[in-house]
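Student: What follows is a structure written as structure tokens; I'll ask about it next.
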Amino acid sequence: MYKCKGQFVIPYLGLFQAYSTPKEDPDLGAEEKRLILGGSVSKEPVTVIPWKLILSKAPVWALIISHFCHNWGTFILLTWMPTYYNQVLKFNLTESGLLCVLPWLTMAIFANIGGWIADTL
């Protein structure tokens, strides 16, 4: 049980020891700082965004379409599910709170599981 709790707490402890740049990190050695900062070259800021090139890529369109579908599905669930429960299934929404929350709870749990699975692929 303690191991399980530690899995979730220990990574967050590292957030309090973050630094903005490698120069500010006292735990980095001189060799590491030189290696990290040696590859950084100052560039001029981008003035023209290549939208035609960006929008011609299939992965960009896959992201756009999947984001649209996800938002559309969430919007439908958010707006129509209470009406469906009330009018079709004849649930009293105030008395059946758990049933109304169950799809959202399931979605929250399986979204995290799905994210974990996607990260391990």
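The values are calculated or read from the model by the stated rules, or taken from the named source; none is laboratory data. These numbers were taken from a predicted model, which means no experiment stands behind them. Positions of Cβ are generated from backbone atoms using ideal geometry, with glycine treated the same way; all protein chains shown enter the neighbour counts. These accessible areas exclude ligands, DNA and RNA; they are computed on the full protein's heavy atoms, side chains included. Shrake-Rupley method; radii C 1.70, N 1.55, O 1.52, S 1.80 Å.
Student: Sticking with the crude label model, points 7 Å out along Cα→Cβ, report the distance from LEU77 to LEU102 in nm, one decimal please.
Tutor: 1.5
Student: Within the range 79-121, list the chymotrypsin sites (Phe, Trp or Tyr not before Pro) lying in a DSSP loop whose Cβ has at most 16 other Cβ atoms in a 10 Å radius.
Tutor: PHE91
Student: Sticking with this structure for a sec: Might you report the magnitude of the Cβ-based charge dipole of the range 13-121 about its Cα centre, with Lys and Arg at +1 and Asp and Glu at -1, to the nearest 20 debye? Don't jump to the answer; show the numbers that get you there.
Tutor: Working: 7 positive and 8 negative charges, 98 e Å.
With only Lys, Arg, Asp and Glu charged at Cβ, the dipole is about 460 debye.
Student: Let me ask something else. Determine how large the accessible area of SER66 is when every protein chain is in place; take a 1.4 Å probe and give Å² rounded to the nearest 10.
Tutor: About 60 Å², ignoring ligands and nucleic acids.
Student: What percentage of all Cα-Cα pairs in the range 37-77 are separated by more than 13 Å? Mind dumping the intermediate values first?
Tutor: Numbers: 571 of 820 pairs.
Every Cα pair in the range 37-77 considered, those over 13 Å come to 70 percent.
Student: I'd like the Kirkwood hydrodynamic radius of the range 21-118, using the inverse of the mean 1/r over distinct C-alpha pairs, in Å.
Tutor: Numbers: mean 1/r = 0.0520 Å⁻¹.
After inverting the pairwise mean of 1/r, the radius is 19.2 Å.
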